[in-house]
1. Kindly list, by first and then second residue, each pair from a residue in the stretch 306-325 that is within 13 Å of Arg250 (Cα to Cα) to a residue that is open to solvent by less than 30 Å² (accessible area, probe 1.4 Å) and of a type in the set (Val, Ile, Thr), limited to pairs with Cβ atoms under 6 Å and residues at least 6 apart or on different chains.
2. Looking only at the stretch 27-50, how many residues end up being open to solvent by 40 Å² or more (accessible area, probe 1.4 Å) and either more than 26 Å from Asn199 (Cβ to Cβ) or β-branched (Val, Ile, Thr) (or both)?
3. If I filter the stretch 291-308 down to residues being open to solvent by 60 Å² or more (accessible area, probe 1.4 Å) and assigned to a loop (DSSP other than H, G, I, E, B), which single residue comes out as farthest from Ala58 (Cα to Cα)?
4. Identify, please: which residue in the stretch 51-66 is in contact (Cβ under 8 Å) with a residue 60 or more places away in the chain and among the small types (Gly, Ala, Ser) and is, among those, surrounded by the fewest Cβ atoms within 10 Å (Cβ to Cβ)?
5. Return yes or no: is Gln136 at negative phi and either buried (at least 18 other Cβ atoms within 10 Å of the Cβ) or part of a strand (DSSP E or B) (or both)?
6. Of everything in the stretch 152-210 that's over 23 Å from Asp123 (Cα atoms), modelled with pLDDT of 85 or more and loosely packed, with under 13 Cβ neighbours inside 10 Å, which residue is nearest to the chain's Cα centre (by Cα)?
7. Within the stretch 233-254, restricting attention to residues that are polar (S, T, N, Q) and surrounded by 15 or more Cβ atoms within 10 Å (Cβ to Cβ), which residue is farthest from Glu18 (Cα to Cα)?
8. Restricting to the stretch 309-325, count the residues that are part of a helix (DSSP H, G or I), hydrophobic (A, V, I, L, M, F, W, C) and more than 14 Å from Leu277 (Cβ to Cβ).
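The values are calculated or read from the model by the stated rules, or taken from the named source; none is laboratory data. Only a predicted model underlies this, so the values are computations on that prediction, with no experimental measurement involved. Glycine also receives a Cβ, built like all others from the backbone with ideal geometry; neighbour counts cover every protein chain displayed. What goes into the accessible areas is simple: the full protein's heavy atoms, side chains included, and nothing from ligands, DNA or RNA. Shrake-Rupley method; radii C 1.70, N 1.55, O 1.52, S 1.80 Å.
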Amino acid sequence: MKYISYENTDAFYNVAMEHYLLEEYPLTEPVFFFSQYGNAVIVGKNQNTFAEVNQAYAKENGIQVARRETGGGAVYDDLGNISFSFVLPVSDPAKVNFKKFVQPMVDALNKLGVPVVTDGRNDLIINGKKVSGSAQRYANGRLLHHGTLLFDINMEVMSRVLTPAKDKFISKAAKSVKSRVGLIKSSLPERFTILDFKNQLTKELSNGDDELKLEEHDLKRVQELRDNKFSTWNWNWGRTPKFEFNNRQRFAGGSVEIHANVSQGKITVIKIQGDFLGISDIADLEKLLQGVLFTKDAVKGVLQKTNLRNYFGDKISLEDLESLF
């Protein structure tokens with residue numbers, strides 16, 4: 001199978017590359033490539049990004065948040081992780097045997113002494129722990145089959161960025177299912193690097209076939225898709241299905257409750273309740289927040305322009321209110 005040599009670590013570009021190969025490139029034979037992400041959370045096509053990602057932690061740590069075009073749950077990727085992508089022309093996706101993609105990886109890992117096996121979902125398992133998951137999409141007579149290989153990922157960062165307070169969100173969007181995860185590196189000799197791992201897999205999967213080199217116009221188109229769609233707020237956050245958000249905290253000046261309906265990433269209805277002591281009608285502030293993007297920065301921008309003391313008294317600060325969103 002032909003392969004593409006690929007070094008870009010930008011999450012938005014990687015999603016755009018898959019889209020281009022699946023829907024636009026004149027593909028006549030199967031191709032695969034391996035990619036790595038600097039620091040990114042990749043959410044499924046049908047997921048509520050707000051409910052899957054710890055926004056504050058992602059922003060503070062420069063973690064990209066990207067939405068892919070396949071289903072499934074949210075995953076965290078960094079340079080200790082390898083993602084694989086297969087794109088192939090198919091007439092009937094129901095007849096595709098995914099084992100033909102998974103088995104070479106199993107064989108390569110087994111040759112290296114890694115005791116990996118598959119489960120019923122074509123996930124890869126080592127000693128009961130998941131080290132690889134995958135998803136598919138069919139379009140334009142082609143099939144995309146992609147997934148991850150957990151080599152030496154930062155487990156602490158993964159845990160923190162994928163743990164927002166889910167009880168604040170009520171949504172019909174697909175939710176991630178937590179699995180016990182393991183690391184492939186733990187089964188390999190200490191000297192074995194992620195580059196060694198990538199090269200070994202490329203050798204096994206290509207089976208002597210040569211590299212497919214994309215032209216300059218191909219790469220330009222991928223960049224356009226990256227810039228105009230896959231890196232945009234509307235795609236990664238605004239495309240989130242409708243959901244309800246609820247939060248409550250007690251501050252020195254009283255308790256404040258937030259109840260909001262959010263559609264396409266914007267606040268459509270919001271109610272602010274509590275036992276705070278204000279002299280102005282809170283409905284006026286609620287009106288100002290309608291239509292605002294459901295992000296801390298956007299909400300803070302509105303709150304900064306109002307006299308909060310009139311609404312909440314002098315014991316509830318901007319920082320207090322900001323923490324509710």
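1. Sorted first by the residue in the stretch 306-325, then by its partner, the pairs are Leu324/Ile258.
2. 3
3. Going through the qualifying residues, I end up with Asn307.
4. Ala56
5. When the stated conditions are applied, Gln136 passes them.
6. Among those that are over 23 Å from Asp123 (Cα atoms), modelled with pLDDT of 85 or more and loosely packed, with under 13 Cβ neighbours inside 10 Å, it is Asp210.
7. Narrowing the stretch 233-254 to residues polar (S, T, N, Q): 234, 236, 240, 246-247, 249.
Subsequent filtering for residues that are surrounded by 15 or more Cβ atoms within 10 Å (Cβ to Cβ) retains 236, 240, 247.
On the way: Asn236: 16, Thr240: 21, Asn247: 38 Å.
Looking at residues that are polar (S, T, N, Q) and surrounded by 15 or more Cβ atoms within 10 Å (Cβ to Cβ), I get Asn247.
8. Count: 2.
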